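The values are calculated or read from the model by the stated rules, or taken from the named source; none is laboratory data. Just so we're clear, the structure is a prediction, and the values are computed from it rather than from any experiment. Glycine also receives a Cβ, built like all others from the backbone with ideal geometry; neighbour counts cover every protein chain displayed. These area figures cover heavy atoms from the full protein model, side chains too; ligands, DNA and RNA do not enter into them. Shrake-Rupley method; radii C 1.70, N 1.55, O 1.52, S 1.80 Å.
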Amino acid sequence: HELRRVGSRRSFKVTFILQIIEKFTISGASDTLLRILYSHAALHLKQKEYIDIDLIHKLSLGQYGLYSDRPLLWLWRFSSKQKKIGLKDRCASSTLNFSSVDWNDYFDDPKKSLVVDVGCGMGVSLLNLAFSSSDMIDVPSETKDIDWSSCNYVGADLNEIMVRYANGIVSRFYIQSIRSKHIHFFHLSGDELLENIKKSYPGNVKLIMLQFPSPYRLENSQSFGGNTQLPTTANAGFMVTEYLLNTVAEVLQLNGGNGKLLFQTKCEDIAVYVKNLALQKCGKFKYLSCSNPVQNIDQDIYFKGNGERPKRVDQWLKLMNRIYDRAEGSMWSLSSLLPLHGRTETEVACKNDGTFIHRCILESKK
């Protein structure tokens, strides 16, 4: 109503209109309300000759939502201001005694295949996959075998604020949707979630996602500066451990399943570390060759168009002295391995500032 009343005024800036549609979108408002809002926003943006014609077109068609760039960037700005939560920061007791979980409390049909997001943050990847699956037409070949519309979805994160947001959106979506209960988020560590899926989930697991874990600080990184909230080393606070990967490998074969592990990071050294941890030290995985691989990461990515390596990559290479291993070859994908609707807020932020994302898919060995 307010947008309709004042949206055409010269004093009502384009920025105000964009902020309104962002905040209503991330609130989980009803589709009916949002479609009306988007229609009026498109009209006023066009009248004000806003330069983003594609956005105006999508708003006018109602092809806009929590999966769109601007709402995801708003969530990224919010989440990036949150304190990094580690196991030692969490209260001794979780919000749920997960050891006694009854999956029937969270899913109408707990025997459906499961999609898992470990360290899910704001939960948008699962939220959009779970509630927009019928609209997805841009599914990459690497994940084309997943019937997204017939899965259950579960995520976990140590940040309770983010988990509460995600479950709040789920509640609102359920109110306006005819979908059965098929998604839930827990305030738990990745180890806790996976152990209890292994212990009691009655269906198989199609996909486990490890997306953008907070990177550890580089060795001797004090000389380079850096974020002091990050885990100090790979063995002190980093989410992806040999124990976690061993559990992932078992969970992917749960109840006769043959699921996949998707890993994404914006740090090349983290990509190489997790690859070696999974393929060599853990030894329970094999990688899938990507349809659009990274051939030469320096030439194809960093130095393309007179670009330069990220500072962290240069620091890592200096610490290595010699280049033993890089995130390139058939294992690493140039393009997204999830449908467009499965993007996280971090992925959109990376796209916005030109940061390359290292992506791969692994399978558990039989």
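Looking at region 242-274, which of the residues that are open to solvent by 40 Å² or more (accessible area, probe 1.4 Å) and in contact with an Asp or Glu (Cβ under 8 Å, 6 or more places away or on another chain) is modelled with the highest pLDDT?
Checked region 242-274; the qualifying residue modelled with the highest pLDDT is Tyr243.
Based on this model, can you work out whether Leu34 counts as in a helix (DSSP H, G or I), touching a residue at least 60 places away in the same chain (Cβ under 8 Å) and surrounded by 12 or more Cβ atoms within 10 Å (Cβ to Cβ)?
no
Is it the case, given these coordinates, that Lys198 is in contact with a helix residue (DSSP H, G or I) (Cβ under 8 Å, 6 or more places away or on another chain), touching a residue at least 12 places away in the same chain (Cβ under 8 Å) and either open to solvent by 10 Å² or more (accessible area, probe 1.4 Å) or part of a helix (DSSP H, G or I) (or both)?
yes
Identify the single condition in (1) free of Cβ contacts under 8 Å to residues at least 60 places away in the same chain; (2) in a helix (DSSP H, G or I); (3) more than 22 Å from the chain's Cα centre (by Cα) that Asp325 does not satisfy, given that it satisfies every other one.
(2)
Mind checking which residues of region 294-343 are surrounded by fewer than 16 Cβ atoms within 10 Å (Cβ to Cβ), farther than 15 Å from Lys275 by Cβ and hydroxyl-bearing (Ser, Thr, Tyr)?
Ser335
Of all residues in region 1-29 being surrounded by 14 or more Cβ atoms within 10 Å (Cβ to Cβ) and among the hydroxyl-bearing types (Ser, Thr, Tyr), which is farthest from Gln63 (Cα to Cα)?
Among them, the one singled out is Ser27.
Report, by residue number, each residue of region 17-31 that is in a helix (DSSP H, G or I) and over 21 Å from Trp76 (Cβ atoms).
Selection gives Asp31 alone.
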